[in-house]
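Right, one structure below, let's go through it.
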Amino acid sequence: MTTTDDDSKTTVEQNEQVADGLRKSKDMLSKAKALVDEGKFEEGLVLFTSALDGNVGYASRFNLRIALSELLNKNPAAREPLSLKRNQMETMLKEGPLNRRAFEEEWMELNFALGDDYQEIELLKFLHENNQKSKHQVTILNLIKINFGKYLRDKRYKILEPHFDYLGRMFIGYQSFIEAQKLFPTIDRFSDHDDHSYRTITEEEGTLLFELGLALGKIEQAKLVARKIIDGLGSRAIFLKLLAIARRINQNDAYSFILSEAKSNLSIADFNILQSELSAIN
């Protein structure tokens, strides 16, 4: 399929609109926080609710959750309009799909600030019960990924189980893309930023997926994920993290596998240190 100049122009215009929306929302949020700090709660509240439009999400580093919590602490009357805003955003998510992770992130931050840490479970339940899974696949996966660590910490494996295969495919697919990019660098340059993103995703998402696989009894798939993590990073710290997960989930087979891989990949000195570190966390 040939890309025309009009297509390129449209893409550029869309990117500019997104960037412009992000700038405006960040500016409104900064002004809103300043107004709250000055005690001008009503004015700050108006700007907060106007800025929450799916432009910022977590990307702003603004710490939206803390800002909203401070507003509620200083002005409890803000709870009702913020709850209304949250409910309006939830209705939009149900009617969607919006396919905008920043919107879902902002909705989650409102939930956390309002003390409704598990509001998204009701939304996921609604989407499943109303045969909306295929239509809202992106929204569902975004919510799952946003809350992945929380569900594992709480051992809510059943929430995650229906999405394990898709999350696994996405992770392995990403790993394959990066491997191809490294092997054939003249097509797409692998930048320092790409390398940082790769390492972050491999460690954070990979170890979560490994833990979920073990918790669900999907041992062979969990080992495959571990292999991808080891191939990509393979440091003593990574082995320690994987071993700690296997021990916590009480999966001896996976534990033995990771320990064997560590012995094969680490230097004798590093492996001895690893064993000392494992003894220390017994």
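The values are calculated or read from the model by the stated rules, or taken from the named source; none is laboratory data. Just so you know, these numbers come straight off a predicted model, no measurement behind them. Glycine gets a Cβ as well: all are built from the backbone with ideal geometry, and neighbour counts include every protein chain shown.
Name the residues in segment 68-84 that are over 19 Å from LEU35 (Cα atoms) and in contact with a helix residue (DSSP H, G or I) (Cβ under 8 Å, 6 or more places away or on another chain), would you? Residue satisfying the conditions is SER83 alone. On the basis of being exposed (fewer than 14 other Cβ atoms within 10 Å of the Cβ), farther than 30 Å from ASP117 by Cβ and among the hydroxyl-bearing types (Ser, Thr, Tyr), does THR200 make the cut? The answer is no for THR200. Residues in segment 69-116 that are under 22 Å from LYS31 (Cβ atoms), touching a Phe, Trp or Tyr at 6+ places or on another chain (Cβ under 7 Å) and modelled with pLDDT of 85 or more: LEU71, LYS74, ASN75, ALA78, ARG86, MET89. The residues of segment 148-160 that are part of a helix (DSSP H, G or I) and more than 17 Å from the chain's Cα centre (by Cα) amount to a single one, LYS158.
Residues in segment 225-242 that are crowded, with 16+ Cβ neighbours inside 10 Å, part of a helix (DSSP H, G or I) and not β-branched (Val, Ile, Thr): ALA226, LYS228, GLY232, ARG236, PHE239, LEU240, LYS241, LEU242. If I filter segment 199-213 for residues that are of a type outside the set (Lys, Arg), more than 15 Å from the chain's Cα centre (by Cα) and not in a helix (DSSP H, G or I), do I get at least one hit? Scanning segment 199-213 turns up no residue that is of a type outside the set (Lys, Arg), more than 15 Å from the chain's Cα centre (by Cα) and not in a helix (DSSP H, G or I).
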